[in-house]
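Student: Sharing a structure with you now.
The values are calculated or read from the model by the stated rules, or taken from the named source; none is laboratory data. These numbers were taken from a predicted model, which means no experiment stands behind them. Cβ: placed from backbone, ideal geometry, glycine included. Neighbour counts: every protein chain shown. Note: areas computed on protein heavy atoms with side chains; ligands, DNA, RNA excluded. Shrake-Rupley method; radii C 1.70, N 1.55, O 1.52, S 1.80 Å.
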Amino acid sequence: MDKINWCKKQNKGIKITEPSDNLSNEYYQNAEESLKVLRSIKETKSNMWLATTKYYIEYFAVYSVLMKIGIKCEIHDCTILLINFLEKEDIVKKGMSRILEKDKELRIDNQYYLKNRPVNINFEELSEFILSIKETLNNLDEDKIKYLREKIENYGKKEEKDEA
């Protein structure tokens with residue numbers, strides 16, 4: 001079974017909700033605020049907090065796109081799958097899902113397994129990541145949102161009919 005279909009069947013997985021500019025803006029602002037927090041954490045050289053904050057900057061940013069489209073998802077792996085889907089639809093910049101996956105693994109290693117792996121912080125790249133998301137948000141019109149919602153809602157339905 002396809003991973004997106006699996007995510008749609010999970011209790012806290014992919015759910016179509018009402019699009020929300022307010023929630024989208026709040027998640028985007030959280031990403032910007034977390035970038036400011038990261039600057040002060042960098043001085044501590046705490047790999048756990050650097051990895052965690054870096055990942056959440058990226059996560060909040062991409063989640064703002066999902067809120068604008070009207071997609072709720074509380075499983076991080078499923079959120080990353082959605083970002084990969086949006087890359088294929090030319091909605092977000094290619095490579096974002098790979099960045100999220102890599103930084104999620106680093107966060108898990110440092111936060112839960114206390115591996116203290118080094119964290120590369122490049123403020124210019126993080127700023128570009130966030131600005132790219134802002135551009136995506138500005139380019140999402142009602143027609144694109146409707147198209148994406150329908151495509152995700154109907155994702156895998158053809159395969160299910162074929163199997164029946």
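Student: Can you tell me which residue within the stretch 95-121, out of those that are basic (K, R) and in a loop (DSSP other than H, G, I, E, B), is least open to solvent (accessible area, probe 1.4 Å)?
Tutor: Ranking the candidates gives R117 first.
Student: Would you say R39 is surrounded by fewer than 14 Cβ atoms within 10 Å (Cβ to Cβ), touching a residue at least 24 places away in the same chain (Cβ under 8 Å) and in a helix (DSSP H, G or I)?
Tutor: yes
Student: Next question, about the same structure. Mind listing whichever residues of the stretch 50-70 are open to solvent by less than 20 Å² (accessible area, probe 1.4 Å) and either more than 11 Å from the chain's Cα centre (by Cα) or of a type in the set (K, R) (or both)?
Tutor: Result: L50, A51, T52, T53, I69, G70.
Student: From the list K157, K144, pick out the single residue that is closer than 24 Å to E18 by Cβ and either surrounded by 13 or more Cβ atoms within 10 Å (Cβ to Cβ) or modelled with pLDDT of 95 or more (or both).
Tutor: Result of the check over K157, K144: K144.
Student: Considering every residue within the stretch 11-32, establish whether at least one is in contact (Cβ under 8 Å) with a residue 24 or more places away in the chain, among the basic types (K, R) and either open to solvent by less than 70 Å² (accessible area, probe 1.4 Å) or assigned to a helix (DSSP H, G or I) (or both).
Tutor: no
Student: Of all the residues that make up the stretch 97-113, how many are in contact (Cβ under 8 Å) with a residue 12 or more places away in the chain and more than 21 Å from V37 (Cβ to Cβ)?
Tutor: 2
Student: Among (1) over 23 Å from K8 (Cα atoms); (2) outside any helix (DSSP H, G or I); (3) in contact with a helix residue (DSSP H, G or I) (Cβ under 7 Å, 6 or more places away or on another chain); (4) of a type in the set (A, V, I, L, M, F, W, C), where does L137 come up short?
Tutor: Checking L137 against (1) over 23 Å from K8 (Cα atoms); (2) outside any helix (DSSP H, G or I); (3) in contact with a helix residue (DSSP H, G or I) (Cβ under 7 Å, 6 or more places away or on another chain); (4) of a type in the set (A, V, I, L, M, F, W, C), the one that fails is (2).
Student: Quick check, is Y55 under 30 Å from N5 (Cβ atoms), touching a Ser or Thr at 6+ places or on another chain (Cβ under 8 Å) and outside any loop (DSSP other than H, G, I, E, B)?
Tutor: Judged against the criteria, Y55 is not a match.
Student: Which ones in the stretch 78-90 are in contact (Cβ under 8 Å) with a residue 40 or more places away in the chain and either surrounded by 20 or more Cβ atoms within 10 Å (Cβ to Cβ) or in a helix (DSSP H, G or I) (or both)?
Tutor: Passing the criteria: C78, L81, L82, F85, L86.
Student: Right, next: Right, L131: free of Cβ contacts under 8 Å to residues at least 12 places away in the same chain, closer than 27 Å to D21 by Cβ and either acidic (D, E) or not in a loop (DSSP other than H, G, I, E, B) (or both) or not?
Tutor: So L131 fits the description; yes.
Student: So F129 fits all but one of (1) crowded, with 19+ Cβ neighbours inside 10 Å; (2) on the phi > 0 side of the Ramachandran plot; what number is the exception?
Tutor: Only one criterion is unmet by F129, namely (2).
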